[in-house]
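One structure is given below, encoded as structure tokens.
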Amino acid sequence: MTCAALIVAAGRGTRAGGDRPKQWQPLAGARVIDWTLRAFQDLAEVDHIKVVLHPADIEGFSPPRNVSATVGGATRAASVRAGLEALAGHGFTRVLIHDVARPCVPAALIRRVLRALDTAQAAAPALAVTDALWTGENACVTGTRDRAGLYRAQTPQGFDFAAILAAHRSHSGDAPDDVAVARAAGLDVVIVPGDEDNLKITHPPDFARAEALLTPPLRGNMDIRIGNGYDVHRFGPGDHVMLCGVAVPHDRGLQGHSDADVGLHALSDAIYGALAEGDIGRHFPPSDPQWKGAESHIFLRHAVALASKKGFAISNMDLTLVCERPKIGPVAGAMQDALAQMTGLALGRISVKATTSERLGFTGREEGIAALATVLLVQQ
């Protein structure tokens, strides 16, 4: 199964106030759209994110990794159709369609929708209506309505990709949401529990509510750990170097007791350091012949498991490789993918970058590669 998230962000949102559409307005140190994208970037289950934008916004949008953009239409349904057509032919079997104005969507809610798609073609989150319902006119109550069986709809709404694409292609006119389009095409839609925190920014006071949800006060006993790792390996004979689990072609190899993966060694030491558990040598002594030539993912997986055993989750990791050659940029994405597989982290929480030392020192003379890593652990 491959899953895309389709973020609908082509509206103008005038009811929210401000001098620009609500998705571009500031919220808790970022923009509304940044928080919404982050909610899906942090999920390993989401393979790609497509953002549907107004024509006036697309040129100024710089998509982060694993995100692309397309131009929307005059109505919400037209914008969703445009996004689905842009995703068609890329092998996606599922799609999550989400309003950009819901930046506080919890990961657990998104996963509930995805689990429902294991046995259904369509699923959407909703909250049962619990308040009494009135009709009114001229600020006076004119009657009541039965609330039994009524729900407040939320997004993301999840679908079998082929089914919802066909439904939109056969639909004419606008629709309040994609559930309406699906039902018009005869699809059954499963309701999954929504979340009160998954508010939709519609009016000016909603920004303050969203900010409070996105920046909750820290618990007094929250344990946050930062660890740093540094490692160096020299060049020797070989035709490739192992970096973050990726074999990178090169005219020399890196020398070491294990496979000399300097990136994985620095990341492992950063985790051990945050846990006050020493370094790789404490857990995998070089004097022990069983680790001779070992693949370094063993060390990183052990460090991640140890963190979990001690009650910590890895929030993010940042790695810098220092070398003149090989060039890291073309393979940085593959390294991120490999690290995501080893650690279980989402790509949006893994940074791999490189720099040179301006031809100075041992890295400048191309005698070896250095790596620096920083990892943040948060108590679970």
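Laboratory data are not the source of any read-out in this text; all were calculated from the coordinates shown. Keep in mind that this is a model prediction, so the values were computed, not measured. Note that each Cβ is placed from the backbone with ideal geometry, even for glycine, and that neighbours are counted across all protein chains shown.
Descriptive notes on the structure:
- Once Rg and the Kirkwood radius are both taken over the C-alpha atoms of the range 224-379, their ratio Rg/Rh works out to 0.95.
- Potential lengthening between Glu59 and Phe362 on full extension [0.36 nm per residue; Cα-Cα distance subtracted]: 104.8 nm
- Directionally averaged projected area (the range 3-214, Cα convex hull): 12.9 nm².
- Building the convex hull from the alpha-carbon atoms of the range 136-263 and averaging its projection over directions returns 18.7 nm².
- Degrees separating the helix 297-309 axis from the principal Cα axis of the chain, which is the longest one: 60
- Kirkwood Rh and Cα Rg combined as Rg/Rh, the chain: 1.06
- Gaussian network model of the chain, Cα within-10 Å springs - most flexible of Gln290, Gln341, Gln121: Gln290
- Compared with the dominant principal axis of the Cα atoms in the chain, helix 332-343 is inclined by about 90°.
- Backbone amide hydrogens, once placed in the peptide plane, bring Ala354 within less than 5 Å of Leu321, excluding anything fewer than 5 places away on its chain.
- Spatially proximal aspartates and glutamates relative to Lys292 (Cα-Cα < 18 Å; intrachain offsets below 8 disregarded): Asp231, Asp259, Asp261, Asp279
- Taking max minus min of the alpha-carbon positions on each principal axis, the range 190-269 gives extents of 64, 38, 27 Å, largest first.
- Local charge for Pro285 was computed over the other residues whose Cβ lies under 12 Å away, with Lys and Arg +1 and Asp and Glu -1, and equals 0.
- Electrostatic tally near His257: other residues with Cβ closer than 15 Å to its Cβ, Lys and Arg +1, Asp and Glu -1, net -4.
- Residue ranges 372-378, 15-21 sort as 372-378, 15-21 when ordered by packing (mean number of other C-beta atoms within 10 Å per residue, highest first).
- Straight-distance candidates among the aspartates and glutamates for linking to Lys22, with alpha-carbon spacing under 13 Å and chain neighbours fewer than 8 residues away dropped: Asp34, Asp57, Asp99, Asp206.
- From phi via Karplus (6.51, -1.76, 1.60), per-residue ³J(HN,Hα) for the range 108-125 in Hz, x at Gly/Pro: 4, 5, 4, 5, 4, 5, 5, 5, 5, 6, 5, 10, 9, 7, 8, 8, 8, x
- Size-normalised alpha-carbon gyration radius of the range 240-332, reference 2.2 N^0.38 Å: 1.12
- Between the alpha-carbon centres of the range 1-58 and the range 86-139 there is a gap of 15 Å.
- Built amide H within the under 5 Å cut-off of Phe312, gap 5+: Gln380
- Acute angle (nearest 10 degrees) that the helix 32-41 long axis makes with the longest principal axis of the chain, alpha-carbon atoms: 60
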